[in-house]
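Participant: Here it is: the structure, laid out below.
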Amino acid sequence: MPTPAEYLVANHTTFLEDLKAFLRIQSVSTLREKNPETRQAAAFVVDHLKAAGMTRVELFETNRHPIVYGEWLGAPGKPTVLVYGHYDVQPADKVKDKWTTDPFEPVVVDGKLYARGSTDDKGQILADIKAAQAWMQTTGSLPVNIKFLVEGEEEIGSENLDAFIETHLDLLRCDVAVVSDTAVVDLNTPSLTYALRGLVYMELEVWGPKVDLHSGQWGGSVHNPLQALCEIITALHNPDGSISVTGFYDKAKPISAEERAAIAEVPLTEESWRASTGAAVAWGEPAYTLRERISARPTLEVHGLIGGFTGEGSKTVLPASAKAKISCRLIPDQDPFEIYDLIKQYVATITPPAVRSEVRLLNTGYPAMVPIDSRAVAAAKNAYTRGWGKQPVFVREGGSIPVVATFNKHLGAPVLLVGYGLPDDGAHGPDEHFYLDCFYKGMATMAALLENLGGMTPDEVRG
Ligand code: BES
Ligand code: MN
Ligand code: MN
């Protein structure tokens, strides 16, 4: 019999084909017209959990996209590991978003698999499923009890997941949770993430005249809503890049000197920042390093402006209203609902008198931190060393995974953020890709992690 690691290597091609099939399913959770495809991706997960040897696999309906659950509990006395991932993906439009290839027709070029969802998160969750399969197929069992929780609403704020978790605490009882939905520093530097930012996503709308007006007839007398919106948006930041919203930083935990020193050990040079972003000059709070700005500091971003005339040619119209999509990344202990209130209040005070404005809440996620010095973390460190071939470093991550705060609140078990993506994989953007190397190393890392956790008692794993 091969070892689990050998089994994974022998099946690289098969699992790559499985991943391609997964990626062909357009499970874009935010688009209602893709609901059938999103459901199809859930069914794909069901099939592969069954193939991996899970003895109970269930699809739980929600108000929107189903939650997939799969378990194998054949190791009494051993720790129970809850593995989380998501089968939904961000939207992708080949032409509009300027993809080189069809986002839903996966292709391998130069050792990278290109497709929407390849790194976020289908490649990562499939790696975890196949790692479990490797144990089952080679030894007939797993070194631990395992529970998979794979949702289809992560990219839209995990709206229905919190309620599911709160009402299924028994089902989800575990000694440790493992989330594979983050990036490592680079191919030769795997990393354990110890902090994620939270998020509050909003829509800001401004109204002026009762209808669109002729800009020649009325321009110069009406405060243009699109301009007023831009004035409001501009007033949300100070010239130094900090956020001007009253009270915004009140609950933001300062980064300790000790942590700043630790963050500085994984530097992000302006040069490498420039290579990744393609932007000319770094921007942001001068008192913080680039690495700190993208992970340990809160932000406010404008995602889009909607309004007025955007068609071809010229139309001299003075728009009646305008809209912006805005979000904030949050750090502990900022609360997304409190920040929403602060922004609402602040926008009300800076809205020019000639227009009316409204801020609406779209979705939220709490920031989260996870321990770095437990025995479970040591098991994960060793797993990277064995599966990835390199000792991992610790990083804070700028992105958000709302369920992590929910796990922290309800599971009473540590969460390990064991990701396999790379920062330059293009998640959410055009030409998203996943290095085959990351896929294979991820599977090997997870297989090693299961073994390491299996060598511990449940109490040791809980820490
Ligand atoms: N996998 C990402 C989170 C992430 C991004 C982790 C980058 C590490 C590095 C996740 O799928 C994601 O995109 N989350 C959303 C959450 C939001 C919609 C509530 C995000 O961060 O924008
Ligand atoms: Mn993700
Ligand atoms: Mn994502």
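Participant: At 1.4 Å probe size, with every protein chain present, just tell me what the per residue accessible area of region 189-311 comes to in Å².
Facilitator: Each residue of region 189-311 exposes 53 Å² on average to a 1.4 Å probe.
Participant: In the neighborhood of T351, defined by Cβ-to-Cβ distances under 12 Å, what is the net charge if each Lys or Arg adds +1 and each Asp or Glu adds -1?
Facilitator: Within the 12 Å Cβ shell, the charges total -1.
Participant: Mind pulling the per residue volume of the convex hull built on the Cα atoms of region 1-90? Å³ is fine.
Facilitator: Enclosed volume per residue, from the Cα hull, is 121 Å³.
Participant: Can you give the relative contact order of region 125-249 as a percent, counting alpha carbon pairs under 8 Å and 6+ residues apart?
Facilitator: 11
Participant: Would you please classify the overall shape of region 406-463 from the alpha carbon gyration tensor, given that a ≥ b ≥ c denote the square roots of the eigenvalues, rounded means a/c under 1.5, and beyond that prolate means a/b larger than b/c while oblate covers the rest?
Facilitator: Oblate is the answer for region 406-463, as a/c is 1.5 or above yet b/c matches or exceeds a/b.
Participant: Something else about it: As a check on your grasp of the helix formula, calculate [θ] at 222 nm for the chain: sum -39500 (n - 2.57) over DSSP H runs of n ≥ 4, divide by the residue count, round to the nearest 500.
Facilitator: -10000 deg cm²/dmol
Participant: Now for a separate question. Please compute the contact order of region 327-463 in relative form: average sequence separation of alpha-carbon pairs under 8 Å and at least six residues apart, divided by the residue count, as a percent.
Facilitator: Working: 128 pairs, mean separation 39.0, N = 137.
Computed over region 327-463, the figure is 28 percent.
Participant: Then there is this: Give me the accessible area per residue for region 347-463, probe 1.4 Å, as a whole number in Å². Let's see the in-between values first.
Facilitator: Numbers: 4510 Å² over 117 residues.
Dividing the accessible area of region 347-463 by its residue count gives 39 Å².
Participant: Roughly to the nearest percent, how much of the accessible area of the chain is carbon and sulfur, given a 1.4 Å probe?
Facilitator: Carbon plus sulfur share of accessible area: 52 percent.
Participant: Let me ask something additional. When the C-alpha atoms of the chain are aligned to their principal axes, what extent does each axis show, in angstrom, from largest down?
Facilitator: 83, 48, 45
Participant: Relative contact order of the chain, please, whole-number percent, based on alpha carbon pairs below 8 angstrom and at least 6 residues apart.
Facilitator: Details: 1008 pairs, mean separation 118.2, N = 463.
It rounds to 26 percent for the chain.
Participant: Over region 50-118, give the accessible area per residue in Å² for a 1.4 Å probe, as an integer.
Facilitator: Result: 43 Å² of accessible area for each residue.
Participant: Could I ask something else about it? In the chain, what % of DSSP beta bridges are antiparallel (nearest 5)?
Facilitator: 70
The values are calculated or read from the model by the stated rules, or taken from the named source; none is laboratory data. Source: prediction; values computed, not measured. A quick note on method: Cβ atoms are made from the backbone with ideal geometry, for glycine too, and the neighbour counts reach across all protein chains shown. Please note that ligands, DNA and RNA were not included when accessible areas were found on the heavy atoms of the full protein model with its side chains. Shrake-Rupley method; radii C 1.70, N 1.55, O 1.52, S 1.80 Å.
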